[in-house]
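Single-structure report; data block below.
Read the figures in this text as sums done on the coordinates, not as results from a lab. Note that this is a predicted model, so its numbers are computed, not measured. Note that each Cβ is placed from the backbone with ideal geometry, even for glycine, and that neighbours are counted across all protein chains shown.
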Amino acid sequence: MQEISWQIRLGVALLSCSALVYLAKLYFIDNIPGTVEYVFNSFGFLFINVLLVTLVINGLLSRRARKERLDKLNMVIGIFYTEVGDNLLSLIIPADPGREVLSRELLLQPNVPPETGRMKKNIGEYQFQLDPSQVDLPEIHHFLNEKRNFLLRLMENPVLLEHQSFTGLLQSTFHLAAELEQRKDLREPVQSDRLHLMGDISRVYGNLTREWVAYMDYLYRNYPYLYSLAVRTNPYDPSASAEVY
């Protein structure tokens, strides 16, 4: 026998309570016309009540729940950059021939809002091309292997399902780790295979950069003290230092 859902049980219970209230009013007050008038008045207000609950109250609750999810998501993104992203960028950026141009574009200042719109536009036009001779494939492979369990735990986080761009960043990072794991010799791969791996690393590089810009904008608007640290440890700024002078 199929179990009755809790919604049906709740509906029956509420309707029963309403019926008991009206029956009690008829029994003790004995005012049928007044009771009928009250029922119709309540029924007329029901539509306004539904409107208030569904559009206003539900909208406010949904907005609050979305903000809470966004806060949790950006907390996860911050942990990702602390544990993986910044270090991975430090391994990739030295192989970028245009890193000085990118550094100027992504230079941040304390207490100054990031020019998110301009940075996103310029990043969209940036090629993220790397010099294969300057990429340390064994070092990147070793680092991603060390962080494999951490990345797997991130993928298990249901909050990430609502953030497609960050999920794409994780997927491209996992793909790069899988590609490197399948190679027997990363010190001297054939030229064609090295170029293939450069494409995978460039994809991760671009995703890391785009997500970093969005995260900096969020930190400035919500957590100025975290933004201050992020400015002082900017992976795109070669002169960045965590120490405050």
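Pairs of Cα atoms nearer than 8 Å and 6+ residues apart set the relative contact order; for segment 70-232 it is 35 percent.
Can you quote the Å³ per residue value for the convex hull of the Cα atoms in segment 70-232, rounded to an integer? Before the final figure, lay out each step's value.
Working: hull volume 18.1 nm³, N = 163.
Taking the convex hull of the Cα positions in segment 70-232, it is 111 Å³ per residue.
Phi-derived couplings, Karplus 6.51 cos²θ - 1.76 cosθ + 1.60 at θ = phi - 60°, listed residue by residue for segment 106-120: 9, 6, 10, 10, x, 6, 10, x, x, 7, 4, x, 5, 5, 5 Hz, with x used for Gly and Pro. For a test of the definition: using alpha carbon positions, the gyration tensor, and the 1.5 limit on a/c, classify segment 200-245 as rounded, prolate or oblate. The shape class here is oblate. Our coupling estimate for segment 205-221, obtained by passing each phi through the Karplus curve with A = 6.51, B = -1.76, C = 1.60 and θ = phi - 60°, is 4, x, 5, 4, 5, 5, 5, 5, 4, 5, 5, 4, 4, 5, 4, 4, 6 Hz, Gly and Pro reported as x. For MET198, the shell of other residues with beta-carbons less than 13 Å away shows a net charge of -4, using +1 for Lys and Arg and -1 for Asp and Glu.
In whole angstrom, segment 145-231 maps to an equivalent ellipsoid with semi-axes of 30, 16, 12, each derived as √(5λ) from the alpha carbon gyration tensor and ordered largest first.
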